[in-house]
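> Below is one structure. I have some questions about it.
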Amino acid sequence: PTGRRPGVDPEFTILVGDSGVGKTSLLVQFDQGKFIPGSFSATVGIGFTNKVVTVDGVKVKLQIWDTAGQERFRSVTHAYYRDAHALLLLYDITSKTSYDNIRAWLTEIHEYAQSDVVIMLLGNKADMSSERAIRRDEGERLAREYSVPFMETSAKTGVNVDLAFTAVSKELKHRS
Ligand code: GDP
Ligand code: MG
């Protein structure tokens, strides 16, 4: 948007994906470095969390919005997409449905978000390997198809959580 000051104004970053994939848990892990078991679905989101990520000595301010109760298609307010600088799109590696729905999420994102929005695909719950329904290479293939970076994360163990937000911050820094 006009008048934005890179490094001063926060970068609007939004977590999207089906209900139950671990959006809130991922944000709590990134923000507080802990995993609180049990679903957050009863709560109507936590609004946003401000975090500063340092990339090559430069501070990137993230204002991370957790969508809740907006997890059905066509229900994330279009203004959210329009104002987003970055979108972390999550599926759950134990849920084929959440993986299959990624295409619909991306269709919606491409319809409403800015064309230069930073997108990252995350296969969350990587710790649940015994219940895995989606192989890593299936995540990689989908990401390649849409030309977006991909990582498997675990909000429970914290694996790749900081890395995912750092990668997004790096991309935002390059684009600002
Ligand atoms: P949201 O609806 O996308 O915000 O998902 P939640 O953060 O509420 O998580 C849904 C459920 O999955 C909860 O029971 C979480 O404890 C669990 N969960 C979330 N992330 C992980 C993860 O990385 N590993 C495991 N094992 N459970 C997770
Ligand atoms: Mg949630």
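> Name the residue, out of V60, V52, that is open to solvent by 30 Å² or more (accessible area, probe 1.4 Å) and either at pLDDT 80 or above or more than 17 Å from the chain's Cα centre (by Cα) (or both). Lay out the reasoning, then the answer.
Working: V60 fails: open to solvent by 30 Å² or more (accessible area, probe 1.4 Å).
The unique qualifying residue is V52.
> Let me ask something additional. Mind checking which residues of the stretch 90-111 are of a type in the set (S, T, N, Q) and over 14 Å from K23 (Cβ atoms)?
Filtering the stretch 90-111 down to residues of a type in the set (S, T, N, Q) leaves 94-95, 97-98, 101, 107.
Passing the criteria: T94, T97, T107.
> Next up: I'm trying to understand the selection: among the residues of the stretch 96-114, which are out of contact with any helix residue (DSSP H, G or I) (no Cβ under 9 Å at 6 or more places or on another chain) and open to solvent by 30 Å² or more (accessible area, probe 1.4 Å)?
Residues satisfying the conditions are K96, T97, D100, N101, A104, T107, H110.
> Now a separate question. Got a sec? Which of V168, V148 is more than 16 Å from ligand 2 (Cβ to nearest atom), more than 28 Å from I36 (Cβ to Cβ) and modelled with pLDDT of 95 or more?
Values: V168 fails: more than 28 Å from I36 (Cβ to Cβ).
When all the criteria are applied, what remains is V148.
> Please state which of the following conditions K156 fails to meet, knowing it meets all the rest: (1) open to solvent by 80 Å² or more (accessible area, probe 1.4 Å); (2) more than 16 Å from ligand 2 (Cβ to nearest atom).
(2)
> Additional query: Determine whether E108 is more than 22 Å from F48 (Cα to Cα) and without any contact (Cβ under 8 Å) to a residue 60 or more places away in the chain. Working first, answer last.
Details: more than 22 Å from F48 (Cα to Cα): no; without any contact (Cβ under 8 Å) to a residue 60 or more places away in the chain: yes.
Judged against the criteria, E108 is not a match.
> Counting just the residues of the stretch 20-40 that are within 6 Å of ligand 1 (Cβ to nearest atom) and in a loop (DSSP other than H, G, I, E, B), which one comes out farthest from T94 (Cα to Cα)? Write out each step before concluding.
Going through the stretch 20-40, the residues within 6 Å of ligand 1 (Cβ to nearest atom) turn out to be 20-25, 37-40.
Adding the requirement that they be in a loop (DSSP other than H, G, I, E, B) leaves 20-22, 37-40.
Values: G20: 11, V21: 9, G22: 12, P37: 17, G38: 16, S39: 16, F40: 18 Å.
If we take residues in the stretch 20-40 being within 6 Å of ligand 1 (Cβ to nearest atom) and in a loop (DSSP other than H, G, I, E, B), then F40 is farthest from T94 (Cα to Cα).
> Can you pull out the residues in the stretch 118-141 that are open to solvent by 30 Å² or more (accessible area, probe 1.4 Å) and closer than 16 Å to T94 by Cβ? Write out each step before concluding.
So the first thing to find is which residues in the stretch 118-141 are open to solvent by 30 Å² or more (accessible area, probe 1.4 Å), and the list is 125, 127-133, 135-138, 140-141.
K125, D127, M128, S129, S130, E131, R132, A133, R135, R136, E138 - these are the residues of the stretch 118-141 that are open to solvent by 30 Å² or more (accessible area, probe 1.4 Å) and closer than 16 Å to T94 by Cβ.
> Evaluate the following for E171: is it among the charged types (D, E, K, R), touching a residue at least 40 places away in the same chain (Cβ under 8 Å) and in contact with a Leu (Cβ under 9 Å, 6 or more places away or on another chain)?
Details: among the charged types (D, E, K, R): yes; touching a residue at least 40 places away in the same chain (Cβ under 8 Å): yes; in contact with a Leu (Cβ under 9 Å, 6 or more places away or on another chain): no.
So E171 does not fit the description; no.
The values are calculated or read from the model by the stated rules, or taken from the named source; none is laboratory data. This one's a predicted model, so the numbers in the text were calculated from it and none came from an experiment. Using ideal geometry, Cβ is built from the backbone for each residue, glycine included, and neighbour counts are taken over all protein chains shown. Just the protein is used for accessible areas: all its heavy atoms, side chains included, with ligands, DNA and RNA removed. Shrake-Rupley method; radii C 1.70, N 1.55, O 1.52, S 1.80 Å.
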